[in-house]
Amino acid sequence: MAGSFKVKAIEEDKFELVRAAIDAGALVRHARAGQDGAIVTFDGFVRNESHGRETSYLEYEAYESMALGKMKEIAAAIHQKFAIHRVVIVHRLGRLEIGETSVFIAVSAPHRGAAFDACRFAIDTLKKTVPIWKKEYFADGAVWADGELPPTPPSAKSAS
């Protein structure tokens with residue numbers, strides 16, 4: 001019976017890459033259900049400084065089909081590791097201004113502990129594994145954010 005619950009829950013999960021503002025309220029409503037007692041959310045948004053420099057805005061790019069696949073893998077792992085109900089992962093692409101949400105995650109569960117742990121796992125794993133890259137723009141130029149480019153494939157390393 002528990003296995004069928006997990007399959008059903010995965011079908012009710014939501015994964016999106018969007019270019020418009022993220023509607024956190026709608027995503028929380030999607031995650032919420034009668035059997036849940038908690039929803040934990042993560043709202044990552046653009047701040048006005050990075051490494052001591054004033055940020056003007058950010059741009060996000062993604063390998064979209066792979067990014068969505070990785071988001072689904074994260075949700076499948078969450079359903080295996082934690083007693084949760086639904087997972088919502090939405091990431092924005094394109095230009096984002098200061099204060100705009102870049103990534104929103106919601107995890108619903110019967111109990112808060114699992115929801116907290118699963119939400120933390122989701123954002124940490126997303127940052128490490130999903131092919132989404134951030135370019136930071138400053139008054140004096142732009143840089144790709146450290147640690148957010150995918151690793152160089154082994155074949156490319158040996159060719160250099």
### Dipole of the chain, positive end: most advanced residue of A122, V46, H111 [Cβ charges, Cα centre]
H111
### Message
For segment 110-138 and segment 15-93, what is the centre-to-centre distance using only Cα atoms, to the nearest Å?
### Response
7 Å
### Message
Applying a 10 Å radius around every beta-carbon, put 18-31, 96-109 in order of their mean neighbour count, most first.
### Response
96-109, 18-31
### Task
Using only Cα atoms, figure out Rg for the chain and give it as a multiple of 2.2 N^0.38 Å.
1.13
### Query
When the chain is modelled as a GNM with alpha-carbon springs shorter than 10 Å, which of A115, A139, A38 fluctuates the most?
A139
### Task
With r as the distance between the Cβ atoms of D140 and R120 and R0 = 22 Å, compute the FRET efficiency 1/(1 + (r/R0)^6) and round to 0.05.
0.05
### Query
In the Gaussian network model of the chain, springs joining C-alpha atoms below 10 Å, which of H111, H51, H91 carries the largest mean-square fluctuation?
H51
### Message
Rounded to two decimal places and with Rh computed the Kirkwood way over Cα pairs, what is Rg over Rh for segment 29-104?
### Response
1.05
### Query
On full extension of the chain, what length is gained from Q80 through Y63, given 0.36 nm per residue of separation minus the C-alpha to C-alpha distance?
3.5 nm
## Note on the structure
The set of residues whose placed amide H lies less than 5 Å from the amide H of S50, leaving out same-chain residues fewer than 5 positions away, is T55
## Note on the structure
Karplus-derived 3J(HN,Hα) from phi for segment 54-59 (6.51 cos²θ - 1.76 cosθ + 1.60, θ = phi - 60°), whole Hz, x at Gly and Pro, runs 6, 7, 8, 5, 10, 10
### Query
Tilt of helix 2-12 relative to the longest C-alpha principal axis of the chain, in degrees (0 to 90, nearest 10)?
50 degrees
### Query
Using only helices, what value at 222 nm comes out for the chain when you add -39,500 (n - 2.57) per DSSP H run of length 4 or more and divide by the total residues, to the nearest 500 deg cm²/dmol?
-12000 deg cm²/dmol
### Query
When the chain is fully extended, how far beyond the present Cα-Cα distance does S56 get from A33, taking 0.36 nm per residue of separation?
4.4 nm
### Task
Order D43, D140, D117, D36, most accessible first, counting only protein heavy atoms with a 1.4 angstrom probe.
D140, D117, D43, D36
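The values are calculated or read from the model by the stated rules, or taken from the named source; none is laboratory data. Owing to the predicted nature of the structure, the values given are computational and were not obtained by experimental measurement. Neighbour counts are summed over all protein chains in view; Cβ atoms, including those assigned to glycine, are modelled from backbone coordinates with ideal geometry. Side chains included, ligands, DNA and RNA excluded: accessible areas come from the protein's heavy atoms. Shrake-Rupley method; radii C 1.70, N 1.55, O 1.52, S 1.80 Å.
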